[in-house]
Amino acid sequence: MRQYLNWKTYLAIIALFIVGASLYYTSNLAGKLADEERKKVEEVAQAIRTLTNPAITTQEIDFANNILDKNTSIPLIITDQKGQILDNKNIDTVHSLNPHSVVQEKLEEFKKQHPRIEVNYGTGTQYIYYGESYLLTQLRYFPYVQLAIIVVFLLVVLFALSTAHRSLQNQVWVGLSKETAHQLGTPLSSMEGWLELLRDSDGHNEAVIEMQKDLDRLKLVADRFGKVGSAPQLKEENLVSQLENIVGYMQKRAPQKVYITLHSKEKEVPVNISGPLFDWVMENLIRNALDAMAGKGKIDITITNSPQQVWVDVQDDGKGIPSHQAKKVFDPGFTTKKRGWGLGLSLSRRIIERYHHGSIFVKQSEVGKGTTFRIILRR
């Protein structure tokens, strides 16, 4: 279970516990207040019985009227045996054009809320129907208001933490990229000088050509790291020819029994990209696919063109990714390999999402059958 739990899960559990405890406590409190209000209504019923007693004393009249006057919060309606409304209290009818209909509606509402209280005064019977005071109504809705506040608070906290985390990641990426490009610059300049000396001497032509290729490759790597720290200029490129070059480059460096194939229904698919950075993403995906194979298999790269966007699917038949790890493969430092820093896919996502305004994700993966990564480039 630990793989599904993180600090966000614990935060949500704590919030649910707080809301649950609040609901339980408020429910008990509302229940006690409802009992107290019923006792007050029963006292009102007793006061009415007292006032209908012919042998009532002046002191008893004052006491009964005092009880009736003290009820300033509980809305109630008094009816006769036939259901005709005789009186009401604490029901706002001042702003209504038809006060009787308002009281009648409240009567139907009160009948559903609480059992009626019977007032038998010897010569007849009356019934008291009552509702809930404004305080009790507020108390019943308070947990839901509290829940809404907690949800908003959690969303704000999560957004703030996520923003701070992304900002810190961006600073780390920029610093790491700039420093790497800077560190590569010095030995590359030195190698360029030594290569010129070899070029001037005889007998090293073939070695110089191959060394120049490797040197150009190192320059490209340094250039890529330099571009990670700043927004690159996107240019319209033919995606098909761009991927053909990458496939050709990677096929030469793949095991002999691994075949990399490019599929496209069109010969030209124009799209705005940064060539060096997009090549880096594709090399990362192909290299990961090669690592997932046991030295044999196939990698299919498929281009799907549409008026709104272009899809690039990289599918392999390697060992696959477990479902609980599929969402973590783009996290910095996450890797299933014994070697490596787990930065390749994280950098790839940054390049596609931040610089190309597209998206990259695991489209499909099944253990033992392979994985498909999808890149979406929007026009």
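The values are calculated or read from the model by the stated rules, or taken from the named source; none is laboratory data. If you're wondering where the values come from, they're calculated on a predicted model, not measured in any experiment. Reconstructed Cβ throughout: ideal geometry from the backbone, glycine too, with neighbour counts over all protein chains shown. Ligands, DNA and RNA are stripped out before the accessible areas are found, and what is left, the full protein with its side chains, is counted by its heavy atoms. Shrake-Rupley method; radii C 1.70, N 1.55, O 1.52, S 1.80 Å.
Starting from 0.36 nm per residue, how many nanometres of slack lie between ARG166 and TYR25 once their C-alpha separation is accounted for? Mind showing how you got there, number by number?
Values: separation 141, 0.36 × 141 = 50.76 nm, distance 3.93 nm.
Answer, rounded to one decimal: 46.8 nm.
How many nm is it between the label spots at LYS265 and LEU343, if each spot is 7 Å from the Cα in line with the beta carbon?
4.1 nm
In whole angstrom, how far apart do the alpha carbon centroids of region 120-135 and region 29-83 sit?
What the calculation gives is 8 Å, centre to centre.
If a paramagnetic tag sat 7 Å from the Cα of GLN84 along the Cα-Cβ line, which residues of region 125-153 would have the backbone N under 15 Å from that point?
Backbone N within reach: 125-127.
Is the C-alpha gyration tensor of region 1-89 telling us rounded, prolate or oblate? Criteria: a/c under 1.5 is rounded; beyond that, a/b larger than b/c is prolate, otherwise oblate.
Values: a/c = 5.73, a/b = 3.55, b/c = 1.62.
Prolate, because a/c is 1.5 or more and a/b exceeds b/c.
Starting from region 68-144, pick out the trypsin sites (Lys or Arg not before Pro) whose DSSP state is loop and whose Cβ has at most 16 other Cβ atoms within 10 Å. Intermediate values should be presented prior to the final figure.
Numbers: sites: LYS70, LYS82, LYS89, LYS106, LYS111, LYS112, ARG116, ARG140; in loops: LYS82, ARG116.
Answer in residue order: LYS82, ARG116.
Over 28 Å between Cα atoms, which of LYS219/LYS298; LYS32/LYS70; LYS70/LYS111; LYS298/LYS328; LYS267/LYS328; LYS235/LYS257 qualify? The partial results should precede the final answer.
On the way: LYS219/LYS298 30 Å; LYS32/LYS70 20 Å; LYS70/LYS111 23 Å; LYS298/LYS328 25 Å; LYS267/LYS328 35 Å; LYS235/LYS257 35 Å.
Beyond 28 Å: LYS219/LYS298; LYS267/LYS328; LYS235/LYS257.
For the chain, modelled as a GNM with alpha-carbon contacts under 10 angstrom, which of LEU277, LEU86, LEU107 fluctuates the most?
In this elastic network of the chain, the residue with the biggest mean-square fluctuation among LEU277, LEU86, LEU107 is LEU86.
Quick one: ranking TRP280, TRP311, TRP194 by accessible area, 1.4 Å probe, largest first, what do you get? Before the final figure, lay out each step's value.
Values: TRP280 30, TRP311 80, TRP194 170 Å².
Heavy-atom accessible area, descending, gives TRP194, TRP311, TRP280.
How would ASP331, ASP313 rank on accessible area, largest to smallest, probe 1.4 Å? The partial results should precede the final answer.
Working: ASP331 65, ASP313 15 Å².
Ranked from most to least accessible, the order is ASP331, ASP313.
Go through 187-193, 126-132 and give me the packing order, highest mean Cβ count within 10 Å leading. Please report the intermediate quantities before stating the final value.
Working: 187-193: 11.6, 126-132: 21.6.
Result, highest mean first: 126-132, 187-193.
List the residues whose amide H sits under 5 Å from the amide H of GLN309, counting only those 5 or more places along or on another chain, with H placed 1.01 Å from N in the peptide plane.
Under 5 Å from the amide H of GLN309: ARG379.
For region 10-168, what is the Kirkwood hydrodynamic radius in Å, using each pair of distinct C-alpha atoms? Working shown, then result.
Numbers: mean 1/r = 0.0525 Å⁻¹.
19.1 Å is the Kirkwood radius here.
Please give the peptides 253-261, 316-324 ranked by average Cβ packing (other Cβ atoms within 10 Å per residue), highest first, as a rough proxy for protection.
Numbers: 253-261: 14.1, 316-324: 17.6.
Put in order of decreasing packing, that is 316-324, 253-261.
Run down the aspartates and glutamates and flag those whose C-alpha is under 16 Å from the C-alpha of LYS40, throwing out any fewer than 8 positions away in its chain.
Within the straight-line limit of under 16 Å, LYS40 reaches these aspartates and glutamates: ASP69, GLU118, GLU132.
Where only protein heavy atoms count, and the probe is 1.4 Å, what is the accessible area per residue for the chain in Å²? Each step should come with its number before you reach the end.
Details: 23930 Å² over 379 residues.
That works out to 63 Å² per residue.
Of all the accessible heavy-atom surface of the chain, with the other protein chains kept in place and a 1.4 Å probe, what percent is carbon and sulfur? Mind showing how you got there, number by number?
On the way: 13420 of 23930 Å².
Of all accessible area on the chain, carbon and sulfur atoms account for 56 percent.
Please list, by residue number, everything in region 120-140 whose backbone N is under 15 Å from a paramagnetic label point 7 Å out along Cα→Cβ of GLU60.
120-123
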